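The values are calculated or read from the model by the stated rules, or taken from the named source; none is laboratory data. None of these values were measured; they are calculated from a predicted model. A quick note on method: Cβ atoms are made from the backbone with ideal geometry, for glycine too, and the neighbour counts reach across all protein chains shown. We work out accessible area using only protein heavy atoms, side chains counted, and drop any ligands, DNA or RNA first. Shrake-Rupley method; radii C 1.70, N 1.55, O 1.52, S 1.80 Å.
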Amino acid sequence: MSNVITHLSFTRLKNLAHSPLKLKKYIEQRQEKTDAMIEGSLFDCLLFEPELLEKRFFIVDKPDRRTKEGKSIWEQALADAGDRDLVTTEQMASAMFLEKCFRHNSTVVFQGLLSPDFFTFQKPVDFFLNGFRHKGFKDADGQNRDGQKVIWDLKRMGAKSGEKDVRYEIRRNKYDLQAAIYCHEYDSKNIPVRYFVIAIDNEGYVTPFEIGRDAREQVKIEWYSLIAAAHRLNMAESLDYGCEFWADRDGFFQY
């Protein structure tokens with residue numbers, strides 16, 4: 001038997017929660033990168049790994065692709081970019097604006113969230129749970145100025161800011177599941193750890209939101225169900241199931 005799912009991550013679990021077929025497309029890299037995904041990666045790079053900017057991104061003035069000349073310029077830029085993500089000067093300017101807003105936010109400065117003296121950035125996550133290896137990268141892992149163990153993850157949220165909107169986006173995007181995964185090594189040993197989503201919107205407003213231990217424990221029901229589903233898919237040796245996978249309560253995949 002060959003396993004169609006070799007390991008799990010937050011993104012893989014989130015795709016599986018939609019359907020096995022969506023997970024298959026993600027694994028096979030058939031999902032095209034959206035502007036939002038590229039802009040998010042660009043922002044992360046500016047904050048955490050600015051030395052990799054030229055290696056990961058190719059910057060070009062945005063041509064008018066409604067014209068024949070503009071289309072030609074864009075196609076040439078895509079060719080010149082190679083494996084790098086293509087970003088326009090406008091996208092770069094926006095990312096740099098947000099970077100400045102984030103770096104100068106009072107919470108970020110006071111808690112030392114971007115200080116290498118307090119935090120390790122892009123820290124790998126790697127552990128086994130219920131038969132699956134789990135992998136990922138934490139944006140930041142360390143401690144705040146009060147000496148508390150803290151993990152935080154940066155999220156761009158478009159036009160969303162403020163406690164109410166950020167709370168809704170966290171649940172809608174299953175960021176509480178990501179919190180449970182990233183805090184697992186501490187929660188499993190009952191070591192106190194605080195987890196924050198640090199959200200930033202298009203206007204540069206920063207909203208810190210804590211996902212507490214209770215929320216991380218509650219989402220484990222969904223997490224373990226997804227792991228069980230991954231085992232069943234490996235038994236079936238196929239991911240060719242759409243949303244009916246979760247609608248089928250009486251068939252092979254019931255659990």
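Side notes on the structure shown:
- Descending Cα extents along the principal axes, segment 56-95, whole Å: 28, 22, 9
- Per-residue SASA entry for S115, accessible area with 1.4 Å probe, Å² rounded to 10: 30 Å²
- Direction-averaged projected area, Cα convex hull, segment 105-199: 6.8 nm², rounded to one decimal.
- Selected from A36, A140, A230 as most flexible by GNM, with the chain as the system and alpha-carbon contacts under 10 Å: A36
- Among M37, H134, V109 the positive-end extreme of the charge dipole of the chain (Cβ point charges): H134
- In segment 63-119, the inverse of the mean reciprocal separation of distinct Cα atoms equals 14.2 Å; this is its Kirkwood hydrodynamic radius.
- Whole-number D in µm² s⁻¹ for segment 1-41, Kirkwood Cα-pair radius fed into Stokes-Einstein, 10 °C, 1.306 mPa s: 142 µm²/s
- Using a cut-off of 20 Å between Cα atoms, the listed pairs K24/K55; K189/K220; K33/K62; K135/K174; K55/K174 include K24/K55; K55/K174 as exceeding that distance.
- Accessible surface of the chain, 1.4 Å probe, proportion on carbon and sulfur as whole %: 50 percent
- If you run the Gaussian network model on the chain, springs between alpha carbon atoms under 10 Å, then out of L13, L53, L113 the most flexible one is L53.
- The chain - mean residue ellipticity at 222 nm from DSSP helices (-39,500 (n - 2.57) per run, n ≥ 4, rounded to 500): -13000 deg cm²/dmol
- Cβ-based charge dipole, the chain, positive-most Cα from L47, L16, F118: L16
- Intensity falloff of segment 37-145 expressed as log10 I(q)/I(0), Debye formula with alpha-carbon point scatterers, at q = 0.20 Å⁻¹: -1.06
- Furthest towards positive pole of dipole, S161, A93, F245, structure part the chain, Cβ charges: F245
- In segment 27-75, the inverse of the mean reciprocal separation of distinct Cα atoms equals 12.9 Å; this is its Kirkwood hydrodynamic radius.
- In this view, the solvent-accessible surface of Y168, computed with a 1.4 Å probe and all protein chains in place, comes to about 140 Å².
- Accessible surface ranking for E169, E75, E54, 1.4 angstrom probe, highest first: E54, E75, E169.
- Computed across segment 168-225, the Kirkwood hydrodynamic radius from all distinct Cα-Cα pairs reaches 12.1 Å.
- Residues considered: L114, L239, L129. Largest GNM mean-square fluctuation over the chain, using C-alpha springs under 10 Å, is found at L129.
- Each principal axis of the Cα cloud of segment 148-255 was taken in turn, and the coordinate range along them, longest first, works out to 46, 36, 20 Å.
- When the convex hull of its Cα atoms is viewed from all sides, the chain shows a mean projected area of 16.1 nm².
- Check: the chain dipole with +1 on Lys, Arg Cβ and -1 on Asp, Glu Cβ, in debye: 440 debye
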